[in-house]
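Data block below; observations after.
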Amino acid sequence: MLRRGIRCWAVACVLAGLAWAGAEQLRAEDPGYKGRSLTEWVSDLRNLSPQVREKAVPAFRSLGPPAIPALQGLLKDADPGVRQAALRALSVIIPVQKEVVLIVVEALHGNDPAAQQAAAATWPGLKGKVGRDVILALAGDLKHDNVDVRRKAAEALGELHPVEKDVLQALAAALKDQKEEVRQKAADAIGAIGPEAGEAVPVLTQALRDPDTATRQKVARAIGQVGAKAKEAVPALAQALKDADAGVRQEAATALGMIGEASKSTVPDLVLMLKDPDAKARGAAAAALGMIGSPAKEATPALVQLVQDREPGVRQKAADALGRIGQAGSDVIAALVQALADKDGAVRVSAASAMGRLGPAAQDAIPALEQALKDGDAGVRQEAARTIGKIGAAAEKSFPALVQALKDSNANTREAAAKAMGTIALVTTVPKDVIQALVQLLQDVDVEIKRSGIRALGEIGPKAADAIPALREMLKESDPNLRRAAGVALSRIEPSGGGGEG
């Protein structure tokens, strides 16, 4: 009996020893920081207190890559705060690991708002620390047997914008992948690189004939992002304007616009597209013609007609295109004046802006622009004021309307009116009654109106010399902002006079 007890005790001791040794081995394998194990730091990230979680995040810089699996596990936690803390912890691990890049990029494009928010906040800083070894590893993954690995690699490269020639070649090769989702992500990645992806244009051009509709859309978009360096794709894009899918037609038109003047040979095709049954396609064609600019002048009559399109987005783009092309005939001005009274605010803003691009040639629209200074949309009022200024000397009679605009409830409108007065003053005389009207604004009870009057006088400059006594009085105002504004105005009106407080 005694011997059995001794044997049991001995076995128990051996088992206890083994357990202790196992625990010690686990502790040795578990990386630590500041006397605490990885497990303990991970536990802090699960803490209900945001402050505790936030304090734990920096520890993972020292805990390093061995912490990645544990942090990945936290990304499935039910608490969004824990998921966000885990992503922040992943982002501080140096050197940046490929796994971390893939995790953060997947969160950026995922459906979890909390993870997406954390990823968006951490990605800019993380991206700059990604080494070339990681980028090349991702490029290598584009040939992986697993389609999901290939897709994720292309998606990650799309966020990294690598310009290495071998990586770009790998992405171009991925445009011929068997799976459309990989081809689409590869097109996205090439487009994100932008003009530096010019050598991929031949492969992109071929991919415009891809059997998958979504892939053709993304390929056309990528060509547009390459921009002027993609001019060899113009004929293929012209053909894509006739694609059966409206989205492809829209992207092709947009790409032609982004290529710019080198797309001028496609102007007739784009003019035909202004009658496309799809509103977005019509709008894209109009925008493209505007981006091509003056070489697209033959499109002017069709764009004048398009200003009356049933869709406000199309009318807006048509008005903008007319301004960019720059043909200021009476039909164009009449169309833009009509658009300035459109029921849609964005159309009215585009019409006013287009007139501004036409400059002095839009002087016949001055009465309509003065009326637009009273528009219910502040954006329209601002653009109308800016355009009156751009018309220049011919807008001399608009001074009274601009003085009234200095009382506008919107600060940006007041600023635009003041600048417009200064612009007009550069090329014409300023009637004394206008200066007097501005001086009267300095007596207004509203501080902001006072300041807009001061600013306008400063913008007018030396031609506002009659206002100097009133502005010097403003230097005594209790409001420091008014004193500062008066000092600036005086320094512009009499540059050698100092200007007082500024």
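The values are calculated or read from the model by the stated rules, or taken from the named source; none is laboratory data. Every value quoted in this text rests on a predicted model; they were computed, and no experiment measured them. No Cβ is skipped: glycine too gets one built from the backbone with ideal geometry, and neighbour counts run over all protein chains shown. Surface areas here come from the heavy atoms of the whole protein model, side chains and all, with no ligands, DNA or RNA. Shrake-Rupley method; radii C 1.70, N 1.55, O 1.52, S 1.80 Å.
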| Length released on extending from Thr39 to Gln404, taking residue separation times 0.36 nm less the Cα-Cα span | 124.5 nm
| query | Could you give the nm distance between label points at Glu473 and Thr428, where each point is 7 Å from its Cα heading toward the beta carbon? | reply | 2.9 nm
| query | Measuring with a 1.4 Å probe in the full set of protein chains, what accessible area per residue, in whole Å², belongs to the chain? | reply | 47 Å²
| request: Pop out the ³J(HN,Hα) list for the range 442-448 in order, Karplus 6.51 cos²θ - 1.76 cosθ + 1.60 with θ = phi - 60°, rounded to Hz; leave Gly and Pro as x. | output: 5, 9, 5, 6, 7, 4, 5
| query | Helix 165-174 sits at what angle to the longest principal axis of the chain, using alpha carbons and giving 0 to 90 degrees rounded to 10? | reply | 80 degrees
| Once both axes come from the Cα atoms, what is the angle between helix 98-108 and the longest principal axis of the chain, in degrees from 0 to 90, rounded to 10? | 50 degrees
| message | Below 10 angstrom from the Cβ of Asp479, what's the summed charge of the other residues (Lys, Arg +1; Asp, Glu -1)? | response | +3
| message | Over the chain, what is the relative contact order in percent, taking alpha-carbon pairs closer than 8 angstrom and at least six residues apart? | response | 5 percent
| Counting each DSSP H run of 4 or more residues in the chain as -39500 (n - 2.57), what helix-only mean residue ellipticity at 222 nm follows after dividing by all residues, to the nearest 500 deg cm²/dmol? | -20500 deg cm²/dmol
| What's the angle, to the nearest 10 degrees (0 to 90), between helix 180-193's Cα axis and the longest principal axis of the chain? | 60 degrees
| query | Taking θ as phi - 60°, what are the ³J(HN,Hα) couplings along the range 61-75 by the Karplus curve (6.51, -1.76, 1.60), each to the nearest whole Hz, with x for Gly and Pro? | reply | 5, 7, 5, x, x, x, 7, 4, x, 5, 5, 4, x, 6, 5
| Sequence-distant aspartates and glutamates (8 or more away, or on other chains) whose Cα lies within less than 14 Å of Lys98 | Glu106, Asp133, Asp141, Glu155, Glu159
| request: Would you kindly calculate the mean projected area, averaged across all directions, of the convex hull enclosing the Cα atoms of the chain, in square nanometres? | output: 36.1 nm²
| field | Heavy-atom accessible surface of the range 287-357: percent carbon and sulfur, 1.4 Å | value | 45 percent
| field | Amide H within-cut-off set for Asp444, under 5 Å, with H built and near neighbours excluded | value | none
| said: Please give me the summed charge of the neighbours of Asn146: other residues whose Cβ is under 11 Å from its Cβ, Lys and Arg +1, Asp and Glu -1. | reply: +2
| message | Contact order normalised by length for the range 349-502, with contacts defined as Cα pairs under 8 Å and 6 or more residues apart; what percent is it? | response | 16 percent
| note | In this structure, among Lys55/Lys76; Lys218/Lys275; Lys129/Lys185; Lys152/Lys264; Lys231/Lys419, pairs with alpha-carbon gaps over 29 Å are Lys152/Lys264; Lys231/Lys419
| Selection from Ser43, Val96, Ala172, by position along the positive dipole direction of the chain (Cβ) | Ser43
| What size of dipole, in debye to the nearest 20, comes out for the chain about its Cα centre when the only charges are +1 on Lys and Arg C-beta atoms and -1 on Asp and Glu C-beta atoms? | 1020 debye
| message | What is the distance in Å between the Cα centroid of the range 223-254 and that of the range 452-476? | response | 54 Å
